[in-house]
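Structure first, commentary second.
The values are calculated or read from the model by the stated rules, or taken from the named source; none is laboratory data. Keep in mind it's a predicted model, so treat the numbers as computed, not measured. Cβ sites come from the backbone with ideal geometry, for glycine too, and all protein chains shown count toward neighbours.
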Amino acid sequence: MNLAYYLFEYSKNLDKDIIIGDKECISYKDLWGKIVLISSYISEYRNEKIGLMADNSIFFVAAYFSIIKSGNTVVTFSPQSSEKGIMGIIMKTDMKLVFVQEKYEKSFIGIKKINEKEYLEIKVSEKSLSEFGETNPDDVAVLIFTSGSTGDQKGVMQTHENIIENTKSIIEYLEIKEKDIQLVVLPFSYCFGSSLLHTHIRQGASIVLNNTFALTNTVIDDLIKYKCTAFSGVPSHYQILLRKSKFKDTAFPDLRYMTQAGGNLPVHYIKEIRKSHPNTPFIVMYGQTEATARLSYLPFGFLGEKLGSIGKGIPGVELKVVNEKGESVKPGEPGEITARGKNIMKGYYKDEEGTSNVIKNGYLYTGDIATVDEDGFIFIKSREKHIIKSAGNRISPKEIENVLSEMDEIINSVVIGVEDDLLGEVPKAIVAVKNKKITVKDVDSYCRQRLATYKVPKYVEIVDSIPLTPSGKTDTSKIVELYGRK
């Protein structure tokens with residue numbers, strides 16, 4: 001079944017509002033009408049990659065599902081994407097059309113665009129309204145580009161079946177109901193954010209859009225005003241709420257649960273949340289874009305007993321922690337988390353080698369090192385090899401190092417992740433220079449001109465030389481020992 005038809009199967013004719021709030025509001029029935037209209041308008045495209053860049057909005061949601069319904073693949077761009085990264089994706093996918101908010105149009109040169117004003121004026125004949133693209137379960141519905149460990153952009157191909165199966169699982173273990181109201185601060189261009197959209201549409205629930213998380217009081221106000229039953233965030237969201245708002249001192253009588261994914265939230269923050277909101281379940285989850293969002297969750301009842309664990313596999317997902325031989329580890333022994341299920345991506349777009357490196361014998365090798373206890377609960381010991389996770393963003397140190405290497409005055413550089421109270425992890429650059437006049441400000445300015453804002457190193461340390469192993473390789477463990485601090 002086409003993902004759009006599956007998600008709206010029971011809700012497309014509801015007069016109930018799907019999006020509620022002061023700024024934007026629309027019913028299921030009216031939204032579905034827009035989706036039918038726009039998908040018919042772009043019916044000339046078949047099996048194409050169609051881009052979408054917009055803040056969370058009715059425009060984003062309507063365009064997103066219109067592309068999927070029409071039998072094409074939606075390629076989501078983060079509003080924080082660099083122009084270089086955007087053009088690379090356009091060329092790689094041979095993209096010919098993009099839905100884009102006006103304020104982001106300058107990033108898309110030489111490609112047909114439909115902005116939010118133009119999409120409101122779309123009209124088609126009654127005949128074309130019945131047209132839609134035929135799809136198979138294995139067809140790619142969504143293509144999300146993420147940074148790989150080498151710095152290259154990897155396109156994660158999520159099929160209609162991948163998203164449908166993951167949606168079913170999430171609804172089951174969170175027990176999402178039609179009466180639920182989810183406050184959304186996560187961008188829909190991020191797979192965690194889009195999963196909130198998928199699950200709540202399928203259940204005929206409602207969502208409140210908040211694009212002003214930096215103004216933390218708006219989050220607290222929205223949770224109360226709209227009687228939200230669910231809130232979801234990455235570690236930095238909870239860290240900021242705990243440190244820069246009245247979150248701990250405010251009661252949320254309608255909040256049924258909170259969920260967290262997108263990286264490791266230190267246990268002392270979890271303890272603070274539990275202490276301040278003891279009657280609201282806090283559910284730790286773990287996933288990857290390659291797994292179409294979720295892989296595991298820790299049931300609330302085990303939060304005290306298994307604090308620090310990511311739990312076990314969600315319904316329909318088999319998780320194993322294996323050693324280098326592919327054998328399941330014994331309790332306490334470290335190994336790599338692997339996963340199998342219908343939610344695992346089809347592969348990386350136009351990258352057979354990259355796909356074969358992470359999908360082996362039907363299992364996704366996540367790159368995360370973990371242990372299991374006697375009860376089968378998984379505890380991550382180190383984050384993905386090479387990848388820095390900052391506020392839900394995946395950052396490749398290699399990509400930053402490649403940019404730094406283009407600066408003539410730099411001899412060598414290494415980028416590592418260091419802990420941050422608000423963002424979880426942030427990139428830090430250790431730079432060896434040949435010109436002592438080069439300053440931290442010079443390095444920062446150079447990076448800001450060439451990298452997306454969230455990839456710019458928050459800290460830069462200029463050194464005489466980079467530690468090397470006897471074989472001449474970068475001594476990562478020594479670097480972390482010497483410079484693995486703010």
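Here are the numbers:
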quantity	calculated
Identity of the residue in segment 288-298, in a strand (DSSP E or B) and either on the phi > 0 side of the Ramachandran plot or over 13 Å from the mean Cα position of the chain (by Cα) (or both), that ends up surrounded by the most Cβ atoms within 10 Å (Cβ to Cβ)	L295
Residues of segment 265-287 that turn out to be in a strand (DSSP E or B) and among the aromatic types (F, W, Y), as a count	2
Test for F213: is it assigned to a loop (DSSP other than H, G, I, E, B) and either touching a residue at least 12 places away in the same chain (Cβ under 8 Å) or among the small types (G, A, S) (or both)	yes
Residues within segment 119-166 that are within 15 Å of the chain's Cα centre (by Cα) and at pLDDT 70 or above, tallied	13
Tally, over segment 260-284, of residues that are within 16 Å of K306 (Cβ to Cβ) and within 18 Å of the chain's Cα centre (by Cα)	5
Residue among D222, D254 that is part of a helix (DSSP H, G or I), touching a residue at least 24 places away in the same chain (Cβ under 8 Å) and over 20 Å from the mean Cα position of the chain (by Cα)	D222
Matching option when the condition is surrounded by fewer than 21 Cβ atoms within 10 Å (Cβ to Cβ), in the same structural domain as K434 (by TED's automatic domain parsing) and without any contact (Cβ under 8 Å) to a residue 60 or more places away in the chain, among S405, S356	S405
Test: residue in segment 458-477 that is of a type in the set (A, V, I, L, M), surrounded by 18 or more Cβ atoms within 10 Å (Cβ to Cβ) and not in a strand (DSSP E or B)	no
Counted residues, segment 227-245 - those being of a type in the set (S, T, Y), out of contact with any Leu (no Cβ under 7 Å at 6 or more places or on another chain) and at pLDDT 95 or above	0
Any pair with Cβ under 6 angstrom, 6 or more apart, that starts in segment 448-472 at a residue that is within 16 Å of S405 (Cα to Cα) and ends at one that is in a loop (DSSP other than H, G, I, E, B) and modelled with pLDDT of 95 or more	R448/V456
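For (1) within 21 Å of Y190 (Cα to Cα); (2) assigned by TED's automatic domain parsing to the domain that holds D94; (3) touching a residue at least 40 places away in the same chain (Cβ under 8 Å), each residue gets a yes or a no:
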position	(1), (2), (3)
E305	no, yes, no
I337	no, yes, yes
K342	yes, yes, yes
M345	yes, yes, yes
E352	no, yes, no
L364	yes, yes, yes
I380	no, no, yes
